[in-house]
Amino acid sequence: MALDVSMHGVIQRRNDLQARLWGTRHRAMSGNHRNATAKELHREILRYLIKATDQRLLEGSQTTVRANVKFIERPSGFEIMVGDVRNFHRDPALPHFRRKRDQAWFDFQLLGVKKERRIEIEAYDFELRLAKPELFIRFDLNPPGHENDEHGLRSHMHLDSDDDGMAVPAPVMSPFELLDIMVHGLIQTGRQRHRGALAVPVEPP
Amino acid sequence: MIARGLGELADDIALTSGSWTVVVSDADGQILDALQDELAFAIESEGGNAMIVDAREGIHAVIKALSQSKPEDVVLIHHMEKLGAAAHRQLDSARTWFEGGARVALVTTASALAALASDAPHLWSWIGSRVFSPDPSAGTLDVEARLASLREGTGLTDEEVIRRAETGELPLDPIYAEWLLLLNRGELIGS
């Protein structure tokens with residue numbers, strides 16, 4: 001099989017991958033019975049975060065979750081986000097959620113459209129900032145459009161760099177799969193596979 | 001009297017077990033329905049009900065509803081301003097029956113507040129500072145602040161973003177999709 005290893009071939013394969021990723025998206029992205037409206041999706045996200053605070057996974061309480069997660073609806077669509085302003089500079093003084101176990105903190109925004117009797121999530125970004133090591137990971141889903149075909153990275157991930165060249169494809173995930181990563185993901189265990197079976201485990205921070 | 005957003009007010013009522021609260025509202029059915037909805041959400045993990053009782057049915061109906069409620073419930077009694085002094089005094093006398101029971105919100109008008117306080121002094125002291133007015137706009141997204149952060153973060157203006165969207169020059173990024181939505185130009189997303 002002759003493979004095209006130029007960027008043309010790469011972009012073609014990336015677009016095929018994006019089509020598969022979009023095709024396997026969770027039904028919560030397209031509004032199932034429970035999340036059929038934007039308001040219901042907002043409530044479901046609140047429930048997740050409230051339970052996470054109740055179970056002491058996150059700092060805060062029902063009251064702070066309600067205060068921090070904002071919702072806006074327009075005729076064309078809706079958005080659910082953390083805080084009144086977008087945190088471009090990663091300022092911890094702005095509203096966010098913080099993990100109790102390791103002080104990693106995160107925020108997010110997701111945007112969707114309203115279709116007949118359901119909603120569809122069309123764009124999001126969820127960013128987790130670790131305290132130790134100090135780095136961030138962000139999962140982005142760009143809004144739909146032909147420009148996505150030019151780079152084949154509609155659903156992608158940034159690992160500690162905002163440079164578009166440093167993005168790699170990522171699964172299209174539901175808000176709850178993403179929140180699972182924000183709340184439970186990227187937790188250091190001290191185990192390092194490459195150190196071998198007899199290696200002394202490194203103490204997690 | 002403190003103004004509270006509906007979600008915050010619902011939490012305030014729901015998270016204080018056995019509380020009695022006065023909600024000052026000029027009998028706006030839409031606000032009442034929205035508050036009931038927020039209360040139902042606030043207490044759903046407890047398995048309780050957020051019920052509305054109309055005081056125009058008389059003090060006996062109000063007392064009966066309170067008697068039948070459970071500690072995990074919230075009872076919203078509206079049109080309290082329709083009850084007269086005698087009914088207020090009956091409620092004042094009966095209040096201890098409901099101690100430790102459902103959380104109760106008495107919805108009345110601003111003009112009837114003084115009469116309630118005067119006719120039911122023991123109940124009033126029980127309520128204390130828990131007198132709120134619902135503000136549906138409080139706690140909602142500050143759209144202008146959000147837009148200002150987008151302008152500051154990107155160096156662009158609203159007009160420039162719209163122009164670029166219309167000419168197909170706007171990058172496909174969640175930031176700009178959000179911006180267009182907030183400007184009520186969601187039809188330009190992905191154009």
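The values are calculated or read from the model by the stated rules, or taken from the named source; none is laboratory data. Remember, it's a predicted structure, so these values are computed and weren't measured experimentally. All Cβ positions, even for glycine, are placed from backbone atoms using ideal geometry, and neighbour counts span all protein chains on display.
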Of all residues making up segment A:104-154, the number that are in a loop (DSSP other than H, G, I, E, B), within 11 Å of chain B (Cβ to nearest Cβ) and among the small types (Gly, Ala, Ser): 1
Six or more apart or on different chains, Cβ atoms under 7 Å: show the pairs whose first residue is in segment A:1-27 and part of a helix (DSSP H, G or I) and whose second is among the basic types (Lys, Arg). A:GLN18/A:ARG154
Out of all the residues in segment B:146-155, is one or more more than 13 Å from chain A (Cβ to nearest Cβ) and charged (D, E, K, R)? no
Of the residues in segment A:77-103 that are more than 8 Å from chain B (Cβ to nearest Cβ) and of a type in the set (Gly, Ala, Ser), the one that is surrounded by the fewest Cβ atoms within 10 Å (Cβ to Cβ) is A:ALA93
Select from segment B:3-35 the residues that are without any contact (Cβ under 8 Å) to a residue 60 or more places away in the chain and either within 14 Å of chain A (Cβ to nearest Cβ) or under 13 Å from B:ARG103 (Cβ atoms) (or both) and list them in ascending order. B:ALA10, B:ASP11, B:LEU15, B:ASP33
Selection status of A:ARG191, modelled with pLDDT under 95, of a type in the set (D, E, K, R) and either over 13 Å from the mean Cα position of the chain (by Cα) or within 30 Å of A:GLN55 (Cβ to Cβ) (or both): yes
Tell me, which residue of segment B:1-44 that is of a type in the set (Ser, Thr, Tyr) and surrounded by 14 or more Cβ atoms within 10 Å (Cβ to Cβ) is farthest from B:GLU81 (Cα to Cα)? B:SER19
Is there a residue being of a type in the set (Asp, Glu), under 25 Å from B:GLU46 (Cβ atoms) and surrounded by fewer than 18 Cβ atoms within 10 Å (Cβ to Cβ) anywhere in segment A:51-69? yes
In the list B:GLU159, B:GLU166, which residue meets the criterion of being touching a Ser or Thr at 6+ places or on another chain (Cβ under 8 Å) and either under 16 Å from B:VAL23 (Cβ atoms) or more than 13 Å from chain A (Cβ to nearest Cβ) (or both)? B:GLU166
Taking the condition at pLDDT 95 or above, out of contact with any Pro (no Cβ under 6 Å at 6 or more places or on another chain) and not in a helix (DSSP H, G or I), does A:PRO75 pass? no
Of the residues that sit in segment A:61-118 and are touching a residue at least 24 places away in the same chain (Cβ under 8 Å) and polar (S, T, N, Q), which one is nearest to B:LEU6 (Cα to Cα)? A:ASN68
Which residue, of A:ARG56, A:ARG66, A:ARG99, A:ARG129, is over 14 Å from the mean Cα position of the chain (by Cα) and over 24 Å from B:ALA10 (Cα atoms)? A:ARG99
Apart from one, (1) at pLDDT 95 or above; (2) at the interface with chain A (Cβ under 9 Å from one of its Cβ atoms); (3) over 29 Å from the mean Cα position of the chain (by Cα) all hold for B:LEU182; the odd one out is (3)
So, in segment A:101-140, how many residues would count as being under 17 Å from A:HIS184 (Cβ atoms) and among the aliphatic types (A, V, I, L, M)? 5
Is there a residue being within 14 Å of chain B (Cβ to nearest Cβ) and under 30 Å from A:ARG27 (Cα atoms) anywhere in segment A:179-191? no
